[in-house]
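A short worksheet on the structure shown next.
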Amino acid sequence: MSTASILRPAVLRPQLAAISILGSGLVALAVFGSGFVLAEPAPYEVFLTGLIGLWALFGLRISRATAPLLALLILFMVGGVLSLTVMADLSDGPIYMAVSGFLALSAVFFAAIIEERHRRLRLIFDAWAAAAVVTALLGILGYFGAIPGASSFTLYDRAKGAFQDPNVFGPYLAAPVLYLLHGLLTQPIRRAPLKVAGLVVLTLGVFLSFSRAAWALNLFGVLALVFIMLLKERSGLFRLRILVLALCGILFIAAALAVALQSEQVSSLFSNRTQLVQDYDGGHLGRFERHRIGFLMSMEKPLGIGPMVFSTIFPEDEHNIWLKCLTSYGWLGFAAYVTLILWTLSLGFRFLLLDRPWQPHLMISWITLIGHVGIGNVIDTDHWRHFYMLLGVIWGCAALEYRSRRQARAHRLA
């Protein structure tokens, strides 16, 4: 071996380090863009597609640990492509499937880059939290008409931020809420003011979305996070800190609700949205009846009926992720999706309480994913960008754990 070939890696090391830093910065920028989806395809898709292609040129690696994620998402997409073959009018079907394909690829991409370097998790969540605060501020200011073009950030008198729908806007804020709350509970008190300010903005954004699913998701997430942290952290001081913060949080939320409900507009909409079953849920061809009829119809359609066809038969879309999979991805896509969800939740549960640098991010993502699976019974989460980020984070953390165990085993045998 020549001297030049020996020295080449050392010579290239600074350049490779610079490329890695630049790549991580671009990932953070892409994640920040996920908070601004006013149309499809969104700038997030365009930017991240280019980034994935650029990363592939420098050796994007799909390991054995993340290969099942890729395989299941490929099966999911095959089911979607097959569903296009039964459509009489393709219309926007191919574009819909192209977006689905991109989002599937994005999950694998996030898993791969996290496995390569776990420190990217902090960048991803910092960028997500920043985007959430900005889009929540847009929703809040838009709701109260405090900025030009306020109507662009509201829909049906509900805050939607820089999203197309309040029912996507509210759930998007769930993981950042848990991220800031986790920091508040575990980090030095001097860092608390910024986190408290961020939590105030996000909580008000969730409330003004008037999304019952978002309210339930965020409440479940906070309770689950505190419960799991109590299981992991057993010190009396930590438990006292949680108790004090919980009492302060309850008092703050009660006070904020009391102030907000002084507005007749807010009070009226809040009273309406707190009803468990709305007319469009239980009425003729309402949400629940559409679910029943749709599932029966899907039993006779193994290839599905194609994306966005359901709303041409019934008054609205499926509003149920399981039914959406059956109608838009057929039986194959449905089976792949169910397997993917069960496998992902199982992975997260196995490694949930291990003492690892990436454990907080895994915990937050796993809790948020469970919540999304739950609200998927009444909302279609198929094209939610952050949902695929959650998948990528969990699989990336699992891949890190497998690599850590291999290295520990090799060290013992050495």
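For this structure, a couple of remarks:
- Residue within segment 338-360 that is modelled with pLDDT of 95 or more, part of a helix (DSSP H, G or I), at positive phi and of a type outside the set (A, V, I, L, M, F, W, C) present: no
- Against the test of being in contact with a Ser or Thr (Cβ under 7 Å, 6 or more places away or on another chain) and assigned to a helix (DSSP H, G or I), the options Val133, Val108 yield a single qualifying residue, Val108.
- Scanning segment 203-240 for residues that are of a type in the set (D, E, K, R) and over 17 Å from Gly371 (Cβ atoms) gives Lys232, Glu233, Arg234, Arg239.
- Taking segment 309-334 as the range and being open to solvent by 20 Å² or more (accessible area, probe 1.4 Å) and closer than 11 Å to Ser83 by Cβ as the test, the residues that pass are Val309, Trp331, Leu332, Phe334.
- Selected residue (criterion: nearest to Trp128 (Cα to Cα)) from residues of segment 160-191 that are modelled with pLDDT under 90 and open to solvent by less than 30 Å² (accessible area, probe 1.4 Å): Leu184
- For Gly294: the one exception among (1) more than 30 Å from Leu184 (Cα to Cα); (2) assigned to a loop (DSSP other than H, G, I, E, B): (2)
- Evaluating Phe125 against the criteria (1) within 21 Å of Phe334 (Cβ to Cβ); (2) of a type outside the set (Ser, Thr, Tyr); (3) touching a helix residue (DSSP H, G or I) at 6+ places or on another chain (Cβ under 8 Å) leaves one unmet condition, (1).
- Only a single item in (1) crowded, with 18+ Cβ neighbours inside 10 Å; (2) more than 20 Å from the chain's Cα centre (by Cα) is not met by Leu103, and it is number (2).
- Selection status of Glu45, among the acidic types (Asp, Glu) and crowded, with 19+ Cβ neighbours inside 10 Å: yes
- Unmet requirement for Ala408, which otherwise passes all of (1) open to solvent by 10 Å² or more (accessible area, probe 1.4 Å); (2) modelled with pLDDT of 95 or more; (3) among the small types (Gly, Ala, Ser): (2)
- Annotation: Phe58 fulfils all but one of (1) touching a residue at least 60 places away in the same chain (Cβ under 8 Å); (2) surrounded by fewer than 22 Cβ atoms within 10 Å (Cβ to Cβ); (3) of a type in the set (A, V, I, L, M, F, W, C); the unmet one is (1).
- Checked against (1) at pLDDT below 80; (2) touching a helix residue (DSSP H, G or I) at 6+ places or on another chain (Cβ under 9 Å), Leu194 meets all criteria but (1).
- None of Trp366, Trp343, Trp395 is among the aromatic types (Phe, Trp, Tyr), open to solvent by 10 Å² or more (accessible area, probe 1.4 Å) and either in contact with a helix residue (DSSP H, G or I) (Cβ under 6 Å, 6 or more places away or on another chain) or over 18 Å from Leu70 (Cβ atoms) (or both) except Trp366.
- Qualifying residue in segment 56-76 (condition: assigned to a helix (DSSP H, G or I) and closer than 30 Å to Phe207 by Cβ): no
- Top-ranked residue of segment 369-386 - restricted to ones that are assigned to a helix (DSSP H, G or I) and free of Cβ contacts under 8 Å to residues at least 60 places away in the same chain, ranked as most open to solvent (accessible area, probe 1.4 Å): Val373
- Segment 114-132: number of residues that are over 15 Å from the mean Cα position of the chain (by Cα), of a type in the set (A, V, I, L, M) and open to solvent by 10 Å² or more (accessible area, probe 1.4 Å): 1
- The test for being surrounded by fewer than 21 Cβ atoms within 10 Å (Cβ to Cβ), at pLDDT 95 or above and more than 17 Å from Gly23 (Cα to Cα) holds for Val81.
- When restricted to residues that are at pLDDT 95 or above and charged (D, E, K, R), segment 121-159 contains 2.
- Selection status of Ala39, in contact (Cβ under 8 Å) with a residue 24 or more places away in the chain and loosely packed, with under 13 Cβ neighbours inside 10 Å: yes
- Annotation note: of Ala98, Ala88, the sole residue that is at pLDDT 85 or above, over 27 Å from Arg403 (Cβ atoms), open to solvent by 60 Å² or more (accessible area, probe 1.4 Å) and not in a helix (DSSP H, G or I) is Ala88.
The values are calculated or read from the model by the stated rules, or taken from the named source; none is laboratory data. Fair warning: this is a prediction, and the values are worked out from it, not measured in the lab. FYI the Cβ positions are ideal-geometry reconstructions off the backbone, even for glycines, and counts take in every protein chain you see. For accessibility, only protein heavy atoms count, side chains too; no ligands or nucleic acids. Shrake-Rupley method; radii C 1.70, N 1.55, O 1.52, S 1.80 Å.
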